[in-house]
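Beneath this line is the structure, given in structure tokens, with notes to follow.
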Amino acid sequence: MTHFTPDESMPTEERRNDLLILSRVSAAVSGLGDLDAVLKVGLDKTLEYMDGIQGGIMLLHENGRALKYRVARGLSTEYAEQMRLEVGEGLAGKVAQTGRAVLVDDISEEPGAARPHLIDMEGLRAFVSVPLRSRERILGVMNCASRVPHHFVRRDMLLLHSIGDQLGTAVDSARMYEKLNRSRRRYWRIARRLIVAQEEERERIARDLHDETSQVLTGLALKLQVLKEMCDLQNICDDRFRQVLDEAHASAKQINREVSRVITDLRPTLLSTMGLVPAIREHVESHLKPLGIEVSFDFQDIKPPPPPEAEISLFRWVQGAVGNIIKHSNAGHVRVSLRRTGDEMRLKVADDGRGFDVDLLQEGEEGQGTGLLIMKERLELVDGSCRIDSEPGRGTTVIARFPLK
């Protein structure tokens with residue numbers, strides 16, 4: 001058995017050829033975010049250049065104490081499944097423990113080999129195992145074997161060791177990518193649950209406002225109306241008293257209207273009873289027309305409609321767009337359109353206001369752009385997307401896209 005450390009020299013031509021192989025292996029696995037894809041492509045490319053051999057990649061479990069095959073080529077399923085090693089056990093286990101590659105001419109005669117009955121069954125002879133290393137950590141090993149003794153030479157060791165380092169880095173990156181994706185999926189699940197909880201809380205607050213606050217305000221307005229009528233019947237002519245009474249009555253009615261508007265914003269009844277389009281139309285008209293902003297609509301019937309969680313997110317998205325128009329645009333006209341383009345639905349809100357430089361939009365100390373960021377994230381939670389088009393002096397258009405399949 002030969003232990004190996006990669007400090008050997010070789011002729012210039014051979015080194016040039018091996019660098020070419022390394023470059024091709026690196027190019028094949030670069031950009032792959034899926035761990036299994038990295039391992040399969042890396043192993044296939046390696047075996048392609050080591051013609052006539054079998055091999056596989058064993059990875060350490062997360063506990064860092066056990067090795068098992070993740071991918072294999074040319075090895076039987078029984079061998080790949082049963083060849084599981086502790087760190088330090090067998091040749092591959094020692095490589096994982098020490099980080100030093102191992103080369104043997106005939107593994108069937110090697111006393112330190114693990115599972116000799118599996119090796120005999122597979123008919124393996126020449127055997128090489130190299131570590132997969134990343135940032136001084138051993139992530140696993142790559143094994144290559146031949147059914148012919150003395151198949152491997154020192155140049156093979158050099159090349160395989162270098163490929164092992166390449167694959168180790170790729171494996172580490174793929175694992176980090178998978179971990180990030182798992183975290184992202186957890187975030188989406190939590191965020192979706194938060195949206196549901198938020199809508200339930202909005203509904204509860206709206207119900208309480210309707211059942212309690214709104215009723216009290218309605219009663220107050222009626223009592224003030226009765227007082228005004230009593231003053232008329234008893235011919236009370238105190239002008240100051242009548243003025244205060246009229247103002248109190250008008251304020252009660254105004255507050256009641258505002259509470260009703262808040263209830264509608266919290267729980268858009270039209271959304272659940274009539275659907276997305278009537279709810280959008282009512283919200284846009286009730287918020288923009290009183291401000292003197294002209295509105296127009298271009299709605300296409302979308303069938304089948306998006307699921308309920310998408311409808312509420314799209315409606316909230318429109319609420320955000322309308323809120324931004326009121327706060328920032330100084331617009332005179334707003335156009336809202338809903339169209340189907342291929343397999344996606346497009347909801348567009350365009351204004352002719354002052355516009356802004358999209359490239360400069362970012363969340364700063366004062367929270368600029370926070371509203372638009374929330375709009376985008378809300379759509380992403382239901383698999384939609386959002387685009388913002390704007391230029392100073394040329395208005396703003398925000399477009400929501402939602403897949404219908």
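The values are calculated or read from the model by the stated rules, or taken from the named source; none is laboratory data. If you're wondering where the values come from, they're calculated on a predicted model, not measured in any experiment. Neighbour counts run over all protein chains shown; Cβ positions are idealised from the backbone, glycine included.
Of note:
- Of all the listed residues (Pro308, Pro290, Pro268), the sole one being closer than 17 Å to Glu203 by Cα and free of Cβ contacts under 8 Å to residues at least 24 places away in the same chain is Pro308.
- Selection status of Ala72, touching a Ser or Thr at 6+ places or on another chain (Cβ under 7 Å) and under 28 Å from Met176 (Cβ atoms): no
- Cβ-Cβ distances below 7 Å connect the following pairs, each with a first residue in the range 81-102 that is touching a residue at least 60 places away in the same chain (Cβ under 8 Å), a second residue that is crowded, with 21+ Cβ neighbours inside 10 Å and among the hydroxyl-bearing types (Ser, Thr, Tyr), and a separation of six or more residues or different chains: Leu91/Ser129; Ala101/Ser129; Val102/Ser129.
- Asp298 being over 30 Å from Ala191 (Cα atoms) and either modelled with pLDDT of 90 or more or in a strand (DSSP E or B) (or both): yes
- Test: residue in the range 165-182 that is loosely packed, with under 12 Cβ neighbours inside 10 Å and either farther than 25 Å from Val87 by Cα or touching a strand residue (DSSP E or B) at 6+ places or on another chain (Cβ under 9 Å) (or both): yes
- Residue count for the range 46-71, restricted to those that are free of Cβ contacts under 8 Å to residues at least 24 places away in the same chain and of a type outside the set (S, T, N, Q): 9
- Among the candidates Arg133, Arg125, Arg155, the residue that is in a strand (DSSP E or B) and among the charged types (D, E, K, R) is uniquely Arg133.
- The one condition in (1) within 20 Å of Ile205 (Cβ to Cβ); (2) assigned to a loop (DSSP other than H, G, I, E, B); (3) of a type in the set (Lys, Arg) that Arg261 fails to fulfil: (2)
- Among residues of the range 122-162, those that are of a type in the set (A, V, I, L, M, F, W, C) and at pLDDT 85 or above, counted: 12
- In the condition set (1) surrounded by fewer than 12 Cβ atoms within 10 Å (Cβ to Cβ); (2) at pLDDT 80 or above, Arg193 is compliant with all but (2).
- Of everything listed in (1) under 25 Å from Gln97 (Cα atoms); (2) in contact with a Lys or Arg (Cβ under 6 Å, 6 or more places away or on another chain), the single unmet condition for Pro149 is (1).
- Asn235 satisfies every condition listed in (1) in a helix (DSSP H, G or I); (2) exposed (fewer than 15 other Cβ atoms within 10 Å of the Cβ) except (1).
- Residue in the range 186-224 that is nearest to the chain's Cα centre (by Cα), counting only those that are over 26 Å from Lys253 (Cα atoms) and among the β-branched types (Val, Ile, Thr): Ile190
- From the list Tyr49, Tyr79, the one residue that fits, being at pLDDT below 85 and farther than 18 Å from Asp172 by Cα, is Tyr49.
- Picking from residues in the range 271-295 that are assigned to a loop (DSSP other than H, G, I, E, B) and surrounded by 12 or more Cβ atoms within 10 Å (Cβ to Cβ), the one that is modelled with the lowest pLDDT is Met274.
- Just one residue in the set Thr341, Thr396 is surrounded by fewer than 20 Cβ atoms within 10 Å (Cβ to Cβ) and hydroxyl-bearing (Ser, Thr, Tyr); that residue is Thr341.
- Test: residue in the range 247-265 that is within 33 Å of the chain's Cα centre (by Cα) and within 26 Å of Gln300 (Cβ to Cβ): yes
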